[in-house]
Amino acid sequence: MMYFTKTNEWVAVEGRRARIGLTIAAQEHLGDVTFVDLPSPGKNVKREEILATIESVKAVIELYAPLSGTVTAIHEALRDKPEILTEKQDGEAWVLELELSDPSEVDQLLDQAAYEAFLAQK
Amino acid sequence: MAFDEAMVKDVARGGSPIFRLYSWDPFTLSLGRFQKAREDLDTWGVQEMNMPLVRRMTGGGALYHGEDFTYSLACTQEDLGNLTVKESFRLLCSFLVDTWKDLGWEAGFARDIDAGAPDLGVKTPVCFAGREELDVLVRTGSSQSWKKLGGNAQKRLRHQGRELIFQHGSVPIRNDWKRLNACLQPSARPVGEPSADLVSLGWTNPRSTVEDRFRHHFLRNLDIQAVNWEPEGSFLSDVRHLASIKYLNGSWTLDGLEPRE
């Protein structure tokens, strides 16, 4: 099931696993990505804590954890090709995967319709 | 750099936006947030030049702050109307374009002048060697070609529940490529003199004329008013604390490692 945040991350949730990436809106917002500072697998994060840092040609932005959990995988290709994040479509522009510690937090994310409504308001 | 981060923390605590215009003594080399110092710097050259090093919280490449105007701004995203990075960047840099026009130079954003340039957006180890679509360009006298004048970079962060923007910029009065290159590995050195400076454009006025124009256009373009601000004791304590735990440490300056809380 796909969820979204108001800061333009998508979160694909499957059971206790979640894959997190940037939406097209985030890609347009940021410009070309030049570097991604990724956490190490095994790192525990709480919701709203910094998960990764993304540098584009004009800005450094923090990626905050939309859900609490443990980092289980990172998108290794971003180390050499960070531009993947802005060149690929939503599903391929992923950053990392979490093993969720509190799946009920998913209720606080937006579903597709709510996210689209949010974008339309802006 | 500690002063700049203290500005962000002050705004996060509910303070008003802060705009700071400053210069460097001694002249200093600043590195981008994720720049690989150990790959790009010639450590012998840095020592020989007795060059102080700092690392910015903003991204991009190395900047030599000799004779220059450096500015920083801390505000909330809401203060700028919740604009995207690109939108806010254009708004915040527009005071530079207007200042250069005031001084009689043709100026504009690269995307409006040079959108088809093949090197637009190419990452370079030196800030002034690269060019991207929202860099400010001026037409230079002798060759009539467009050159970048100064560099700007933004950081966005969330602190104490507030969405914040921090922006850095630097405009060289006089580039010193020789001194900069002496601190860099050959592979990191720019080819030729890729960007302009105020002296090469024929600027001979006192520093205060540019500062006055910056202030005028910055306030007008953002449609805001400003008051002079003197940092108080608690702010200065924050600066000292940040300097001691982060900005004066090699783990941040050379390796970009944030201090452990």
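The values are calculated or read from the model by the stated rules, or taken from the named source; none is laboratory data. As the structure is a prediction and not an experimental result, all values here were calculated from the model. Cβ: placed from backbone, ideal geometry, glycine included. Neighbour counts: every protein chain shown.
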* Structure fact -> residue A:96 meets each of (1) in a strand (DSSP E or B); (2) within 14 Å of chain B (Cβ to nearest Cβ) with one exception, condition (2)
* Close pairs from segment B:78-90: first facing another protein chain (nearest Cβ under 9 Å) and more than 14 Å from residue A:26 (Cβ to Cβ), partner among the aliphatic types (A, V, I, L, M) and outside any helix (DSSP H, G or I), Cβ under 6 Å, at least 6 apart -> B:89/B:134
* Across segment B:206-244, what is the total count of residues that are assigned to a loop (DSSP other than H, G, I, E, B) and surrounded by 12 or more Cβ atoms within 10 Å (Cβ to Cβ)? -> 4
* Asked: Filtering segment A:61-75 down to residues that are part of a strand (DSSP E or B) and out of contact with any Ser or Thr (no Cβ under 6 Å at 6 or more places or on another chain), which residue is nearest to the other protein chains (Cβ to nearest Cβ)?
  -> A:61
* Members of segment A:1-12 found to be on the phi < 0 side of the Ramachandran plot and buried (at least 19 other Cβ atoms within 10 Å of the Cβ), listed by number -> A:3, A:4, A:5, A:9, A:10, A:11
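Name the single residue, out of those in segment A:99-122 being not hydroxyl-bearing (Ser, Thr, Tyr) and not in a helix (DSSP H, G or I), that is surrounded by the most Cβ atoms within 10 Å (Cβ to Cβ).
Among residues in segment A:99-122 that are not hydroxyl-bearing (Ser, Thr, Tyr) and not in a helix (DSSP H, G or I), the one surrounded by the most Cβ atoms within 10 Å (Cβ to Cβ) is A:109.
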* Asked: Residue check, residue A:4 against (1) under 26 Å from residue B:168 (Cα atoms); (2) aromatic (Phe, Trp, Tyr); (3) more than 14 Å from chain B (Cβ to nearest Cβ), all met but one. Which one?
  -> (1)
* Structure fact -> Within segment B:111-120, restricting to residues that are among the aliphatic types (A, V, I, L, M) and more than 11 Å from every other protein chain (Cβ to nearest Cβ), the one that is surrounded by the fewest Cβ atoms within 10 Å (Cβ to Cβ) is B:115
* Counting just the residues of segment B:147-199 that are in a strand (DSSP E or B) and of a type in the set (A, V, I, L, M), which one comes out surrounded by the fewest Cβ atoms within 10 Å (Cβ to Cβ)? -> B:173
* Which one is surrounded by the most Cβ atoms within 10 Å (Cβ to Cβ) among residues in segment B:121-146 that are away from chain A (no Cβ under 14 Å) and part of a loop (DSSP other than H, G, I, E, B)? -> B:140
* Asked: What is the residue count in segment A:27-54 for residues that are acidic (Asp, Glu), facing chain B (nearest Cβ under 8 Å) and within 14 Å of the chain's Cα centre (by Cα)?
  -> 2
* Which of the residues that make up segment A:79-94 are at pLDDT 90 or above and either within 12 Å of residue A:19 (Cα to Cα) or in contact with a helix residue (DSSP H, G or I) (Cβ under 6 Å, 6 or more places away or on another chain) (or both)? -> A:94
* Take segment B:22-33 and flag every residue that is under 26 Å from residue B:160 (Cβ atoms) and either more than 14 Å from chain A (Cβ to nearest Cβ) or modelled with pLDDT under 95 (or both). => B:22
* in a helix (DSSP H, G or I), acidic (Asp, Glu) and away from chain A (no Cβ under 14 Å) - does that describe any residue in segment B:93-100? -> yes
